[in-house]
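Just below is one structure, and these are the notes that go with it.
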Amino acid sequence: MAATVKRSRCRSRPGPWSARRARTEQMASGSASCSLPVPGWWSRTAVAAGAATSISPRPPIGLRRMPRRESRAIADIGLVGAPNAGKSTLLAALTAATPAIGAYAFTTISPNLGVLEFDDERRAVIADLPGLIEGAHEGRGLGHEFLRHVERTRVLVGVVDGAAPDPVASWQSVVAELGDHDPALLQRPMTLVVTKQDLSEAKAQWPAVRAALKATGSQPIAVSAQRGTGLAELRRRLAASLAEAESVPAAPSAEMRVHRFDPLEAGWEVIAEGEGLRVRGRRIETTAARTDFTNAESRERFQRLLERLGIDAELRLRGAQEGTVVHIGGVELEWGDEA
Ligand SMILES: Nc1nc2c(ncn2[C@@H]2O[C@H](COP(=O)(O)OP(=O)(O)OP(=O)(O)O)[C@@H](O)[C@H]2O)c(=O)[nH]1
Ligand SMILES: [Mg+2]
């Protein structure tokens, strides 16, 4: 049975990654949903990919809006690579997680999460994602689903099987799938590891693999997840990548923002979408994406912005009522009635 997490666990804590950590730790433990009975809101938060949702008691007054499906980050760091590359083994080597590991493709079909602890006591959640095969961006091998998991991480670790017959070609096909799905994924900070270096095939190929990957602008690290070699360097790089990711806005690449004509840059509009409504507008979408809906103060701030911009009133005019789903960027909110 799903336990209800204490209110304080759902509050953001100081430190760059800790608020997300609070939520993803719950997901990692597979346990709970945040229940934050704040006036004006009720909370129903997806706790893990495919996990059941839970609904907190309704507040006595006001409108209720809440995220219907959590579309924000599942983890700070995502491990990406071809099937069987060694992603789950790497997760197990870096964290206390105990994912299934197998000498065959698609051992992992939903993300495994672990908590990576840094020397300075910071922590980050790391997700071992299912393997990507050629054609993933067209949905092959559950590719669409797997690529959506990749979207929901902030920095990436590319895991290259150093003992594969052609490690570089196999990695390049993963890169192609990421880019075909969304070119912005390739703009994310990414550290490349070439793993299985305890095997003689991997050791023999390493100089050529390193040279080929360096030629593409990467600085690959040789690791053996089984022996633990190279992991200290990987941790250092990840700490730096996370710091870099914190300073980069969560929006698409700067290039897209500069060149794209966006009539809604400064304003917003409400349009019909399926049986629900969609609010479009750069500012409101960006704010929605950055709002931690598990945090009561953040939710209230977001609500005040909806009211201040007049979006709240427009939604009512457009017929928003009990159960209407309102999409804002990748976030879904459910409209509740007024008490
Ligand atoms: N010798 C050696 N074998 C490794 C290493 N890392 C992974 N393996 C082996 O490679 C195989 C695949 O490992 P996994 O960690 O399950 O690979 P994965 O990338 O998670 O695979 P999928 O979940 O199927 O995408 C297993 O047989 C592991 O034991 C390593 O550092 N050294
Ligand atoms: Mg795996």
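The values are calculated or read from the model by the stated rules, or taken from the named source; none is laboratory data. Note that this is a predicted model, so its numbers are computed, not measured. We place every Cβ from the backbone using ideal geometry, glycine too, and count neighbours over all the protein chains shown. Heavy atoms of the whole protein, side chains included, go into the accessibility calculation; ligands, DNA and RNA do not. Shrake-Rupley method; radii C 1.70, N 1.55, O 1.52, S 1.80 Å.
Taking the Cβ of Thr89 as the centre, find all other residues whose Cβ is under 15 Å away and add up their charges (Lys, Arg: +1; Asp, Glu: -1).
Values: positive: Lys87, Lys196, Arg227; negative: Asp128, Asp161, Asp198.
In short, 0.
Would you mind getting me the FRET efficiency between Ala184 and Gln321? Use the beta-carbon distance for r and R0 = 25 Å, nearest 0.05.
Values: r = 35 Å, r/R0 = 1.42.
Once rounded, the FRET efficiency stands at 0.10.
Identify all aspartates and glutamates with a Cα-Cα distance to Lys196 below 18 Å; exclude those on the same chain that are fewer than 8 residues away in sequence.
Asp128, Asp161, Asp166, Glu233
Given +1 on the Cβ of Lys and Arg, -1 on the Cβ of Asp and Glu, and no further charges, what dipole in debye does region 275-339 carry about its Cα centre, rounded to the nearest 20?
Dipole magnitude for region 275-339 comes out near 460 debye.
Please give the length that would be gained between Asp166 and Arg236 if that part of the chain were fully extended, namely 0.36 nm times their separation in residues minus their C-alpha to C-alpha distance (nm, one decimal).
22.4 nm
How far apart, in nm, are the 7 Å Cα→Cβ label points at Glu244 and Asp120?
So the label points at Glu244 and Asp120 sit 1.6 nm apart.
From largest accessible area down, sort Trp171, Trp268, Trp206; use a 1.4 Å probe on the protein chains.
Greatest to least solvent exposure: Trp268, Trp206, Trp171.
Could you work out how much longer the chain between Ser200 and Arg290 gets when fully extended? Use 0.36 nm per residue separation minus the Cα distance between them, nm to one decimal. Before the final figure, lay out the partial values.
Values: separation 90, 0.36 × 90 = 32.40 nm, distance 4.61 nm.
The span from Ser200 to Arg290 would gain 27.8 nm if fully extended.
By the scheme Lys and Arg +1, Asp and Glu -1, what is the net charge of all other residues having a beta-carbon under 10 Å from that of Asn112?
Here the count lands on 0.
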